[in-house]
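These notes are about the structure you will find just below.
The values are calculated or read from the model by the stated rules, or taken from the named source; none is laboratory data. Not measured: the values here are computed from a predicted model. Surface accessibility is based on the protein's heavy atoms, side chains included, excluding ligands, DNA and RNA. Shrake-Rupley method; radii C 1.70, N 1.55, O 1.52, S 1.80 Å.
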Amino acid sequence: MGIEIETKQEDIYTALDPRMKLILLILFTTATYISRSTWVLLWDYLLIIGLYLVRHLWKGAWKTGILFGSFLVLELLIGYIPHEGTKAALGLIIFFLERTSIFFVMGNWMATKLRISDFVAALQNMHFPKGVIITLAVVFRYLPTVSDEFRSIKNTMKLRGIGLNFKNIILHPIQTGEYAIVPLIIRSMKIADELAASAMTRGLDLETKRTSYRKIRLRVKDFMAAGIVIIAVAGGFVVDTILRKGGV
Amino acid sequence: MNVRDYITTAIMFVLMFIVFSAVGTPVGMTVVGNLFVFAVCAILWGTIYLLLYTKVNKKGVCLLFGMILAVLMLMNFWAMSLVLAIGAIIAEVVWRKLNRQKFSTMLICFTIQTVFWYLAMTLPLIFLKDLYLDAVPAYAELYGAVYNLIVGPVFFVGLAVTILGCVIGAFLGRVLLKKHFLKAGIV
């Protein structure tokens with residue numbers, strides 16, 4: 001069975017079960033997609049910033065606030081553009097950015113301080129197939145690494161005079177793409193070999209169910225913590241609907 | 001498939017997603033640009049998909065790759081996820097029926113998965129139309145006309161360009177596979 005331990009106390013939203021974090025991510029992406037009013041969108045943004053603050057992710061809260069604030073300010077300023085066509089075109093861009101950026105913001109919230117082993121254990125408890133679990137875990141684990149690798153490749157390209165800049169992309173798109181993609185792929189394949197060796201050393205290819213060092217199960221406080229956020233999001237829609245209809 | 005194959009699939013998925021974020025997102029900023037995102041991305045994706053199908057030349061790779069995308073898109077919009085899952089299943093059926101070693105099979109499966117992603121991305125344009133027009137009544141008339149055009153004849157133009165992008169990407173991928181990856185011992 002293995003030894004399961006409780007680790008030191010974390011705030012409720014950091015210690016939240018990964019499944020609940022996933023539910024909150026889906027909740028916010030869906031809620032912002034279907035929101036008809038900028039006020040509902042603003043309420044959802046404030047809740048997301050609140051989720052960052054509750055977990056003491058000050059930098060994330062600050063960046064999220066700046067991002068959302070910029071969208072709202074741009075939306076306001078677009079109203080003053082005299083040319084209708086330009087106003088409509090820019091308005092549409094802002095409309096989609098306001099909604100699609102939530103996926104990345106909440107994804108970052110979820111992935112910050114996320115232990116991959118907890119994530120794997122949670123997916124195992126949801127009875128996902130082993131292949132999907134391993135693939136998803138590697139995706140989340142490799143995402144931050146690939147950006148470091150790509151940064152090194154970009155610097156090397158710049159040193160050799162074939163930098164990834166606007167001029168090269170326009171004048172030599174295929175060549176520039178080849179110089180950027182091929183080293184990244186070769187480097188990624190080397191990392192894949194190392195990861196595979198590490199995974200087999202840890203017994204990931206065994207058929208038996210993996211045990212977890214930490215207790216990963218849904219608790220009452222997970223439901224309560226997620227429930228508060230769900231009620232708050234739903235409340236925003238209810239209030240907006242009531243106000244649109246002119247009162248109760 | 002074994003653990004090494006799952007890890008290779010995951011790494012290829014991340015690379016595919018990075019290309020989509022870096023190249024596709026700026027192109028897709030407008031309603032019209034949204035229809036040509038996958039054509040542009042497919043030119044770079046061809047190398048990634050060809051390498052994936054060559055390294056993991058086993059049953060289940062198309063289904064796994066498509067399902068991972070569907071699971072991640074579930075966090076965006078459930079209807080997109082459903083369309084992507086259907087595309088993954090169709091690609092897997094074709095992958096199993098045809099000769100997996102042949103370039104033409106890889107091209108067809110790659111095209112199916114990309115086309116279904118294109119179909120999945122155009123769904124929000126249909127579902128969101130009323131929401132958008134409701135949210136911005138000031139230019140509802142202009143956008144009503146634009147939307148009707150986008151989900152009408154231009155949709156098929158975007159579809160054709162996406163398929164063309166996949167063909168170009170696959171052939172480019174085959175050239176790069178021979179030029180670089182064979183020499184590097186990757187395949």
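For chain A, taking Cα atoms only, Rg and Dmax work out to 22.5, 69 Å respectively. Rg/Rh for the stretch A:112-152 (Cα atoms only, Rh after Kirkwood) is 1.08.
For the protein assembly as shown, the solvent-accessible area works out to 49 Å² per residue, with a probe of 1.4 Å and every protein chain left in place. Amide H to amide H distances under 5 Å link A:His172 with no residue, where only residues 5 or more positions off or on other chains count and H is placed in the peptide plane. For A:Thr86 and A:Val220, the difference between the fully extended length at 0.36 nm per residue and the C-alpha to C-alpha distance is 43.1 nm. Share of carbon and sulfur in the accessible area of the stretch A:1-131 stands at 71%, probe radius 1.4 Å.
Based on the Cα atoms of the stretch A:128-248, what semi-axes does the equivalent ellipsoid have, where each is the square root of 5 times one gyration tensor eigenvalue, given in whole Å with the largest first?
Equivalent ellipsoid semi-axes, largest first: 42, 31, 11 Å.
Between B and A, buried accessible area summed over both sides at probe 1.4 Å, in Å² to the nearest 100? Its buried surface, counting both partners, is about 4800 Å². Within chain A, the whole DSSP H helices whose Cα atoms reach 20 Å or more along their own axis and whose mean Kyte-Doolittle score is at least 0.5 are A:18-34, A:38-54, A:58-78, A:84-111, A:173-201, A:220-244.
Taking the convex hull of the alpha carbon positions in the protein assembly as shown and averaging its projected area over all directions gives 23.7 nm².
Extension gain, A:Ile191 to A:Ile231, is 10.1 nm, computed as 0.36 nm per intervening residue step minus the present C-alpha separation.
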